[in-house]
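Comments concern the structure below.
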Amino acid sequence: MIQAQFFEFSEEQLAFKDQMDRFVDNEIRPHARQWEEEQKFPRDIFNKLAALDCLSIGFSEQSGGAGGVGELLIMIESLAAGNAGITLSVYVHMALACGVIDHLGNEEQKEKYLKPGMRGEKIGCWAYAEPNAGADVTAVQCQAKADGDDFILNGSKLYITNGTFADFTVLVARTSPEPGLKGISVFIVDRDTPGFSRNPMKKLGMHSSEMAELVFEDCRIPKTCLLGPLDKGFRAAIAVLSMGRAIAAAFGCGISGEALRQTVEHVKTRQSQGRPLAANQAIRFMLADMKMRLEAARVMTFGAARLIDQGKPFDLECSLAKLYASETNSWICERTLHLHGAQGYMMESDAQRFYRDCKVLEYGEGTSEIQREMISAAILAD
Ligand SMILES: Cc1cc2nc3c(=O)[nH]c(=O)nc-3n(C[C@H](O)[C@H](O)[C@H](O)COP(=O)(O)OP(=O)(O)OC[C@H]3O[C@@H](n4cnc5c(N)ncnc54)[C@H](O)[C@@H]3O)c2cc1C
């Protein structure tokens, strides 16, 4: 499908995009339907991405990272066009679990978790959400109580992507009863720690990724597992989550681009009243609107990435890009389903999958309402 040229990528970035698109064609598309049906994440994907040096993209040079956030977004957009569930698992491992360690970890923690994570040898999950803590980040109740040289964890985490199999968990827990973000710390917990168990969860979409409830019952971890400052770690991790919004935006653009590509193919071939659907102006105008919104979302998304890579402030831009790209993605996926008619409603079609997969991008990294809160606060404070 023709690509609008609003945003100028470098020659290297275009070559990398080609490489990623080929990876998706060879390693993801041929197997995606089977993974969706089995609802199992193919862990080998991490080894294959590591073999292409893709798992170190976007991390700091001091940690051994290569390539900027722009390259990471190119990769996520390409992967998302192939399969959203796979992309979700890769995104959580790289942008959240490893991203927070890159930002807050000491040398020992980077050596033990981040470097094996960049080689695809250890896979991480990010455990923030709880039964009573979702959009409200201050409501975290999972507790980490200091006890001699250890912390004792008690509580549970819900909806944790990669939680079924992750080798390490980057965990958000309360270390003091102070209100708000104060008193919330971040820890790294190894998979086989006694008192740590997991229960798989089933979900509406993203079936190629796996999710679990994580339960901590008198789970003892050494104080060396503390990631970042005591009581202030979660506040310090917020910068990473803000950056994650640009990645979530690229995720949405990837799904939208594939949904639109398949819709264009469909309306060119599907006949109604003796002519293709595309012969109707009502349908062509819908395609034009889908394209217009997708390209606007891409400009905002890659523009936000450029700000991050240039070391400029990016919070507002990442929020705007994430809000617009995720809501645009839901709108495009709904139009895609509509234009595919009953054929799209069948479980073997991709249109129904896009429709199920898209919604979660409006929740993660701050829901749409939370983005609107932050954006309006920034406007009013000016
Ligand atoms: C597929 C999937 C994967 C996930 N993976 C992870 C993961 O790996 N790790 C993790 O920690 N979490 C994960 N989550 C959970 C995610 O963090 C939460 O969905 C998110 O934090 C929002 O919380 P919630 O869904 O409980 O919404 P709630 O907090 O229950 O909010 C419900 C609705 O009310 C709105 N709302 C809430 N408060 C306000 C307000 N003050 N003003 C206006 N509107 C408001 C919200 O915007 C939302 O629309 C995942 C979720 C899904 C569905």
Net charge dipole size for the chain [Lys, Arg +1 and Asp, Glu -1 on Cβ; Debye, nearest 20]: 860
Qualifying lysines (Cα of each under 20 Å from Cα of K110; at least 8 residues distant if same chain): K122, K223, K232
Degrees separating the helix 69-82 axis from the principal Cα axis of the chain, which is the longest one: 60
Whole-Hz couplings from phi, Karplus 6.51/-1.76/1.60, listed for the stretch 365-382; x for Gly and Pro: 6, x, 5, 4, 5, 5, 4, 5, 4, 5, 5, 5, 4, 5, 5, 5, 6, 6
Convex hull volume per residue in cubic angstrom - Cα atoms of the stretch 238-381: 108
Kirkwood-type radius of the chain, with distances r between different C-alpha atoms, in Å: 21.3
Acute angle (nearest 10 degrees) that the helix 281-309 long axis makes with the longest principal axis of the chain, alpha-carbon atoms: 30
Using alpha-carbon coordinates, inclination of helix 233-269 to the longest axis of the chain, degrees: 20
Inter-part distance where the stretch 291-344 and the stretch 61-123 are each reduced to a Cα centre, Å: 21
Overall Cα dimensions of the stretch 11-123 - principal axes, largest extent first, Å: 41, 36, 19
Cβ-placed point charges (K, R +1; D, E -1), dipole of the stretch 11-123 about Cα centre in debye, nearest 20: 360
Interchain or long-range residues, amide H under 5 Å from L227's placed H: V186, F187, I188
Residue-by-residue Karplus 3J(HN,Hα) for the stretch 133-138, coefficients 6.51, -1.76, 1.60, Hz, glycine and proline x: 9, x, 4, 8, 6, 7
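If the only charges are +1 at each Lys and Arg Cβ and -1 at each Asp and Glu Cβ, what is the size of the charge dipole of the stretch 36-190 around the Cα centre, to the nearest 20 debye? Mind dumping the intermediate values first?
Values: 12 positive and 21 negative charges, 26 e Å.
With only Lys, Arg, Asp and Glu charged at Cβ, the dipole is about 120 debye.
Given 20 °C and 1.002 mPa s, compute D for the stretch 100-198 with the Stokes-Einstein relation, Rh being the Kirkwood radius over Cα pairs; round to the nearest whole µm²/s.
Translational diffusion coefficient: 151 µm²/s.
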Orphan Cys of the chain, criterion: no other Cys C-beta under 4.7 Å: C54, C98, C125, C142, C219, C225, C253, C318
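What trypsin sites (Lys or Arg not before Pro) in the stretch 1-92 are in a loop by DSSP, with at most 15 other Cβ atoms within 10 Å of the Cβ?
Values: sites: K17, R22, R33, K40, R43, K48; in loops: K40, R43.
Answer in residue order: R43.
Just need the relative contact order of the stretch 24-90 here, percent rounded to a whole number, with Cα pairs under 8 Å and 6+ apart.
The normalised contact order for the stretch 24-90 reaches 32 percent.
Counting other Cβ atoms within 10 Å, keep those with at most 16, restrict to DSSP loop, and tell me which GluC sites (Glu not before Pro) in the stretch 99-142 are left.
On the way: sites: E107, E108, E111, E121; in loops: E121.
Loop-located and lightly packed - E121.
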Cα-based reach from K312 at 18 Å (exclusive), listing lysines while leaving out same-chain residues under 8 positions away: K322
Top positive-direction residue, dipole computed over the chain with Cβ charges, set L79, N154, A166: L79
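Values in this text are rule-based calculations from the coordinates and carry no lab data. Predicted, not measured: the structure shown is a model, and the values here were computed from it. Cβ sites come from the backbone with ideal geometry, for glycine too, and all protein chains shown count toward neighbours.
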